[in-house]
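Report on the structure given below.
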Amino acid sequence: MRLHKSGQSWIVHTPAKLNLFLEVLGKRDDGFHELQTLMTTVNLFDTLIFTEEPNSNVSLRCHDAGCALRKDARSGGSSTMSIPEGADNLAVRAAELLRSKTGVRAGIHIDLYKRIPAAAGLAGGSSNAAATLFALNRIHGLGLSRQELQELASEIGSDVSFFLSSSPTALCEGRGEIIRPTPLPSRLYFVIAKPASGLSTADVFRNCRPESSPRGAAALLQSLMQGNLQRAGSQLFNSLQAPAESLNPELQRLKQNFARQRFVGHMMSGSGTAWFGVCRHRHEAMTAASRLRASGPDRVFVAETSP
């Protein structure tokens, strides 16, 4: 992440992530799930603007920047997606956690410009939380190390620590807090589609039944490192996909639409409902995205791995 100052404010752009591999291994004693996942950031960004306030409060306002508003089919108007602006927002929670751990009392206002769809398995909220920890550490001159920030991040959510890692791609284990940076040798290109409806992460995990013999991400990693994209496409895996499909019929239709395109592989990201396809190059991604838009998904993006 890069933080830069503009006038009296600081700006940071926060990326979405895709799970190229996600295996749920079982439920832990602490209530979380043991996971193995290969995650990579892509160039679909939210933007956070931090402005110091004369009071001692943390406040946040969410703005539409391309996807936070959508048409209401019944009224023809627009309705805001359910993105909280108070203590339920992960960026606010991150700011409050940092303040409680460090004793900082300076007020801060956050303007959040949303482009990453919510309830999509793209971890926009987790990315925002990580960016808030990163930015406020710099703004307040706290001097916390990356490891200290990641320890705070693990208290907020399973994906948050990943966004503070040193690599845009990493193999994450435990509940997501054990991070092994895994730089890929070449850029990857994707088409991402998000249907109108979302899913509850808790409901998807509740309906997931871990396999008795885990497959592991080693084969996929080897294919990616060797540059064998065709083989890697056949090794994509997400054990949350089947329960998500059973809960949301729109995913079945989206899966069928993706199967008609020339992707080397495609599947759901995270706990859904975003679906992505892997392409050989950007031109192929642009062509597939155009065809998918004609088939009806609510939002379609072309994205690539972050440098």
Fill in the blank from the handout: Expected output for segment 133-159 (first residue touching a residue at least 60 places away in the same chain (Cβ under 8 Å), partner buried (at least 21 other Cβ atoms within 10 Å of the Cβ) and assigned to a loop (DSSP other than H, G, I, E, B), Cβ below 6 Å, 6+ apart or cross-chain) is Ser158/Gly176; Asp159/Ala123; Asp159/Gly176
Practice task
Have a look at Ala170, Ala153, Ala202 and point out the one that is out of contact with any strand residue (DSSP E or B) (no Cβ under 8 Å at 6 or more places or on another chain), hydrophobic (A, V, I, L, M, F, W, C) and not assigned by TED's automatic domain parsing to the domain that holds Thr273.
Solution key: Ala153
Completion exercise
Scanning segment 69-115 residue by residue, those assigned to a loop (DSSP other than H, G, I, E, B), modelled with pLDDT of 90 or more and either closer than 23 Å to Pro54 by Cβ or among the hydroxyl-bearing types (Ser, Thr, Tyr) (or both) turn out to be Glu85, Gly86, Ala87, Asn89, Gly103, Val104, Arg105, Ala106
Handout entry: Pair list, Cβ under 7 Å, 6 or more apart: segment 269-298 residue not assigned by TED's automatic domain parsing to the domain that holds Leu18, other residue of a type in the set (Ser, Thr, Tyr) and at pLDDT below 95
Key = Ser271/Thr201; Thr273/Ser197
Practice task
Pick out the one residue from Val204, Val264 that is within 19 Å of the chain's Cα centre (by Cα) and of a type in the set (Val, Ile, Thr).
Solution key: Val204
Practice task
Specify which of the listed residues (Pro214, Pro249) is in contact with an Asp or Glu (Cβ under 8 Å, 6 or more places away or on another chain), at pLDDT below 95 and not assigned by TED's automatic domain parsing to the domain that holds Lys114.
Solution key: Pro214
Handout entry: Residues of segment 194-228 satisfying the condition of being closer than 16 Å to Ala242 by Cβ and not hydroxyl-bearing (Ser, Thr, Tyr)
Key = Leu199, Asp203, Val204, Phe205, Arg206, Asn207, Cys208, Arg209, Pro210, Glu211, Pro214, Arg215
Practice task
Can you tell me which residue within segment 116-146, out of those that are assigned to a loop (DSSP other than H, G, I, E, B) and surrounded by 18 or more Cβ atoms within 10 Å (Cβ to Cβ), is farthest from the chain's Cα centre (by Cα)?
Solution key: Leu144
Exercise for the section: Run Arg105 past the list (1) under 22 Å from Asn57 (Cβ atoms); (2) surrounded by 24 or more Cβ atoms within 10 Å (Cβ to Cβ); (3) in contact (Cβ under 8 Å) with a residue 40 or more places away in the chain; (4) not aromatic (Phe, Trp, Tyr) and report the number of the one that doesn't hold. Expected result: (2)
Practice task
For Leu224, indicate whether it is in the same structural domain as Thr273 (by TED's automatic domain parsing), buried (at least 16 other Cβ atoms within 10 Å of the Cβ), assigned to a helix (DSSP H, G or I) and in contact (Cβ under 8 Å) with a residue 24 or more places away in the chain.
Solution key: yes
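The values are calculated or read from the model by the stated rules, or taken from the named source; none is laboratory data. Keep in mind it's a predicted model, so treat the numbers as computed, not measured. A quick note on method: Cβ atoms are made from the backbone with ideal geometry, for glycine too, and the neighbour counts reach across all protein chains shown.
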